[in-house]
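The values are calculated or read from the model by the stated rules, or taken from the named source; none is laboratory data. Just so it is clear, the structure is predicted and the values come from calculations on it, not from any experiment. Note: ideal-geometry Cβ built from the backbone for every residue, glycine included; neighbour counts use all protein chains shown. With ligands, DNA and RNA removed, areas are computed over all heavy atoms of the protein, side chains included. Shrake-Rupley method; radii C 1.70, N 1.55, O 1.52, S 1.80 Å.
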Amino acid sequence: MAESVVLPGAAGDLVGQLALPPGAELGDAAVILCHGFPAGPRGALGSGEGYAELAEHIADETGAAVLTFRFRGCGESKGDFSLSGWIDDLGVAIDWLTATRDVAQVGVAGFSAGGAVALCRAAKDKRVRSVAGFAVPTTFDAWSQDPRKFLDRCRELGVVRHKNFPEDITTWAADFLDNSPRKAISLMGRRQVLLVHGQDDDQVPVTAARELMAAGGEMGMIDVRVLFGAVHRLRDDPRAIAILVGWASRLGPHKSDSE
């Protein structure tokens, strides 16, 4: 069972879907599923495609409620891409769950940049009790190397739609250095982090998972899974989806962080 939702984002409405398991009520914990940065021929219009079906699959398999939505600039969601804006959008999704559905804690799963955003949000939002990141980069530094070229690429993809955005490209680009998954994971404390990476990922090297694990310290709360022969797009790998389902199944309303 699924219902369409509209989240009131700061840059405009964010369009999403809430998947509920058949016959189940929404408990005090839920999962949020985050898509990555636009890619492919359809660019921003295609971002997040297939995530609604994945959310329903997770809900059916685990009994967890699963919210997925399009970040600003993607799909039918309003606004233009900024990294801090995406991190804020995830906060809006958490706010919506806590305010309208009485959810107290969430687990956030994301692919590539979506997983990186999940870590950055979790670093400053204690309502995120667990993060599952798939093919997550360690930094956004590559986007900052040539901001104007990257902005042009964002316009081509359609994730930046308005000619007068951003007002200040220097401030817009500073986001990429100020927000770091590597720094964020060090602030997770004893909250659990699952990192899944393809051994043959040619976009984000598998060493990124090991670097993030090292940055997380020695709390023993970071689980790294490397999938033999897998490439960057883990959403198409049934092994990765099975791991995601297993992670989501442990987010029941009465689970403790010590389990």
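Any idea which of (1) open to solvent by less than 50 Å² (accessible area, probe 1.4 Å); (2) touching an Asp or Glu at 6+ places or on another chain (Cβ under 6 Å) is the one Lys78 doesn't satisfy?
(1)
When the residues of segment 102-117 are narrowed to those that are open to solvent by less than 10 Å² (accessible area, probe 1.4 Å) and over 19 Å from Ala11 (Cβ atoms), which ends up farthest from the chain's Cα centre (by Cα)?
Val103
Please identify the pairs in which a residue from segment 161-180 that is part of a helix (DSSP H, G or I) has its Cβ atom under 8 Å from the Cβ atom of a residue that is open to solvent by 100 Å² or more (accessible area, probe 1.4 Å), counting only partners at least 6 apart or on another chain.
Pairs that qualify, where the first residue is part of a helix (DSSP H, G or I) and the partner is open to solvent by 100 Å² or more (accessible area, probe 1.4 Å), are Ile169/Arg148.
For segment 168-184, indicate whether the set of residues that are more than 30 Å from Arg42 (Cβ to Cβ) and among the basic types (Lys, Arg) is non-empty.
yes
Spot the failing condition for Arg129; the list is (1) buried (at least 24 other Cβ atoms within 10 Å of the Cβ); (2) in a strand (DSSP E or B); (3) in contact with a Gly (Cβ under 8 Å, 6 or more places away or on another chain), and only one is missed.
Failing condition for Arg129: (1).
In segment 179-188, is there at least one residue being over 26 Å from Val31 (Cα atoms) and among the β-branched types (Val, Ile, Thr)? Outline the logic, then answer.
Taking segment 179-188 as the starting set, the residues that turn out to be over 26 Å from Val31 (Cα atoms) are none.
For segment 179-188, residues over 26 Å from Val31 (Cα atoms) and among the β-branched types (Val, Ile, Thr): absent.
Quick one: in segment 179-199, of everything that is more than 18 Å from the chain's Cα centre (by Cα) and open to solvent by 80 Å² or more (accessible area, probe 1.4 Å), which residue is modelled with the lowest pLDDT?
Restricting attention to segment 179-199, the residues satisfying the condition of being more than 18 Å from the chain's Cα centre (by Cα) are 189-190, 199.
Imposing the further condition that a residue be open to solvent by 80 Å² or more (accessible area, probe 1.4 Å) reduces the set to 190, 199.
On the way: Arg190: 89, Gln199: 97.
By that ranking, first place goes to Arg190.
Among Ala242, Ala209, which is the only one that is exposed (fewer than 14 other Cβ atoms within 10 Å of the Cβ) and out of contact with any helix residue (DSSP H, G or I) (no Cβ under 8 Å at 6 or more places or on another chain)?
Values: Ala209 fails: exposed (fewer than 14 other Cβ atoms within 10 Å of the Cβ).
Selected residue: Ala242, the only one of Ala242, Ala209 that is exposed (fewer than 14 other Cβ atoms within 10 Å of the Cβ) and out of contact with any helix residue (DSSP H, G or I) (no Cβ under 8 Å at 6 or more places or on another chain).
Determine if segment 92-101 includes at least one residue that is among the small types (Gly, Ala, Ser) and open to solvent by 10 Å² or more (accessible area, probe 1.4 Å).
So in segment 92-101, the residues among the small types (Gly, Ala, Ser) come out as 93, 99.
Pick out the ones that are also open to solvent by 10 Å² or more (accessible area, probe 1.4 Å) and you get 99.
Looking through segment 92-101, at least one residue is among the small types (Gly, Ala, Ser) and open to solvent by 10 Å² or more (accessible area, probe 1.4 Å).
Give the residues of segment 44-72 that are closer than 23 Å to Ser144 by Cα and either more than 15 Å from the chain's Cα centre (by Cα) or at pLDDT below 95 (or both), sorted by residue number.
Ala44, Ser47
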